[in-house]
Amino acid sequence: MEKVRIDKWLWAARFFKTRSLAKQAIEGGKVHAEGQRVKASKEIATGTLLTIRQGWDEKVVEVIALSDQRRGADIAQTLYRETEDSIAKREQFAADRKANNANISHERPNKKQRRQIHRFIRESQD
């Protein structure tokens, strides 16, 4: 096998649960091949660099092997290799996101906190 459609490969490599989800991600601009936006029918070969954005994460992977059949997760992971820069950036971004969310309270302020907020606002307006 020399070339495979990118939507089939993304599905076979288990980046997306269905081919239609892979196609939607490609059409939505969340998948780039060699830095260029692609169509679902684009054929990729081994050695192609893909940038895949899923949720908060952005992965840069190199295509090592081709497949158009969905197999087990252990086999799917042999189809690609994520670059070390991509891994480092994802881990750093996740750590930053975790640190920022640690300070955020998702509860409503109590009476004392509301008074402090109002006092702060009044003082900043003066």
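The values are calculated or read from the model by the stated rules, or taken from the named source; none is laboratory data. All values derive from a computational prediction rather than experimental measurement. Here Cβ is always computed from backbone atoms with ideal geometry, including for glycine, and neighbour counts include all displayed protein chains. The protein model used for the area step is the full one, side chains on, heavy atoms only, and it has no ligands, DNA or RNA in it. Shrake-Rupley method; radii C 1.70, N 1.55, O 1.52, S 1.80 Å.
Rolling a 1.4 Å probe over the heavy atoms of the protein chains gives the chain an accessible area of 74 Å² per residue. Adding -39500 (n - 2.57) for every DSSP H run of four residues or longer, then dividing by how many residues the chain holds, sets the calculated 222 nm ellipticity at -13000 deg cm²/dmol.
Computed from the Cβ-Cβ distance with R0 of 25 Å, the FRET efficiency linking GLU123 to PHE93 stands at 0.10.
Segment 11-40: which trypsin sites (Lys or Arg not before Pro) are DSSP loop and have at most 13 other beta-carbon atoms within 10 angstrom?
Sparse-neighbourhood loop trypsin sites (Lys or Arg not before Pro): LYS17, LYS39.
Every pair of different Cα atoms in the chain enters the Kirkwood calculation, which places the hydrodynamic radius at 17.2 Å.
A simple spin-label model places the labels of GLU43 and MET1 1.4 nm from each other, with each point 7 Å out along Cα-to-Cβ.
For the chain, the fraction of 1.4 Å probe accessible surface lying on carbon and sulfur atoms is 46 percent. For the chain, the number of Lys pairs separated by eight or more positions or lying on different chains, with C-alpha atoms closer than 15 Å, is 13. Compute the angle between helix 111-125 and the longest alpha-carbon principal axis of the chain, please, reported from 0 to 90 degrees and rounded to the nearest 10. The helix 111-125 is inclined about 90 degrees to the chain.
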